[in-house]
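Have a look at the structure below, then the notes.
No lab work stands behind these numbers, since they all come straight from the coordinates. These figures come from a predicted structure and were not determined experimentally. Here the Cβ is made from the backbone with ideal geometry for all residues, glycine too, and neighbour counts use every protein chain on show.
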Amino acid sequence: MTPDRATPAELFDLDGRVAIVTGASSGLGAAVASALAALGARVAVVARRRDRLTEIAGRIDGFAVACDLSELDGVDGLEAIVPAVVAELGPPEILINAAGTMFTTERAEDEPVDAIRRTMDLNLVAPLRLSQQVFPHMRTLGRGTIVNISSISGRVGIPGIPQASYAASKAGLSGLAAELAVQWARHSIRVNTVAPGFFRSEITGPLYESERAAAYLRRNTPLPKEGTAEDIVGAVAWLASDAGSYVTGQTIVVDGGWTAR
Ligand SMILES: NC(=O)c1ccc[n+]([C@@H]2O[C@H](COP(=O)([O-])OP(=O)(O)OC[C@H]3O[C@@H](n4cnc5c(N)ncnc54)[C@H](OP(=O)(O)O)[C@@H]3O)[C@@H](O)[C@H]2O)c1
């Protein structure tokens, strides 16, 4: 007898699953939070801007956790997030590490050490620390999925847009995903990374406002359309749901073909 197969809709169904999405007050993280909620997840949205989070949480029936993820320890910092989510929504089985930014646009030889450290703390150490904090809950549940949002700059150099420490932090997320995937596979916890190309958001706003820079982006992106936050959502929903249940340790590039050239 053939076993019953899940339907495609069932594979993406997140009904009742608890998710944490960082960087959810704007851009890609906000789009991902809305998408996971639309698939049935109960979503905790994390970032610094409480007003934005409250508005988004209200719209998706989620839970707002205002926190500066650069504060890696202490009762008011990152360590407060998971206990708050567990108390409000229950144990998390999805973690999306989308918060991130650039702290310097200096050329590599001039990046100040303070900016390098801040970049690593927010973009790489915070995702690792949060992964450590969700781990015991996922282990108890017997399943979990973590998705890091990195960048194509963790894979290729981007001529004309200096970003050495940012690129290093994003490449680090791919290494982190591969290592955690292997260590935690026995608990059916999957860990992957999505590497976006260029998307219009707060972080890239100045690029798109400059006609010269926007033309550079168009010229170097094979697909003719501009990337939107929704283009990231499909990859994240796939990895976060049972649709991606045999995928772990991978970096999935979503870049309109930028790195395929
Ligand atoms: N847009 C692109 O083209 C692109 C390309 C490659 C990779 N990415 C990556 O995609 C992710 C999302 O970026 P985005 O494009 O959507 O930019 P964005 O709109 O600027 O979003 C960044 C998010 O990170 C949060 N954040 C920043 N610093 C934080 C801190 N110290 N503590 C807590 N939250 C913090 C911000 O919220 P608050 O300000 O409210 O704290 C915001 O929600 C980032 O990791 C970025 O590196 C983006």
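Per-structure values
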| read-out | value |
| --- | --- |
| Rg/Rh ratio calculated on Cα atoms of the range 121-261 (Kirkwood radius) | 1.01 |
| Net +/- balance of residues flanking Val134 in space, Cβ distance below 14 Å, scoring K and R +1, D and E -1 | +3 |
| Ala260-Val182 FRET efficiency (beta carbon distance; Förster radius 25 Å; 0.05 resolution) | 0.35 |
| Förster radius 35 Å - calculated FRET efficiency between Arg48 and Tyr216, Cβ distance, rounded to 0.05 | 0.70 |
| For Thr193, distant residues with modelled amide H under 5 Å away | Asn148, Gln250, Thr251, Ile252 |
| For the range 174-182, Karplus couplings with θ = phi - 60° (6.51, -1.76, 1.60), whole Hz, Gly/Pro x | 5, x, 4, 4, 5, 5, 5, 4, 6 |
| Peptides 93-105, 70-82 ordered by average Cβ neighbours within 10 Å, highest first | 93-105, 70-82 |
| Neighbour net charge for Leu207 - beta-carbon separation under 15 angstrom, K R +1, D E -1 | -1 |
| Of Leu180, Leu122, Leu11, the one that fluctuates the most in a GNM where the chain has Cα springs shorter than 10 Å | Leu11 |
| Degrees between helix 27-38 axis and first principal axis of the chain (Cα, 0 to 90, nearest 10) | 20 |
| GluC sites (Glu not before Pro) restricted to the range 124-225 and DSSP loop, no more than 14 other C-beta within 10 Å | Glu202 |
| Net charge of neighbours whose Cβ lies under 14 Å from the Cβ of Ala6, counting Lys and Arg as +1 and Asp and Glu as -1 | -4 |
| Share antiparallel - DSSP beta bridges, the chain, percent rounded to 5 | 0 |
| Karplus-derived HN-Hα couplings along the range 242-254 (A = 6.51, B = -1.76, C = 1.60, θ = phi - 60°), whole Hz, x at Gly and Pro | 5, 4, x, 5, 10, 10, 8, x, 9, 10, 9, 8, 10 |
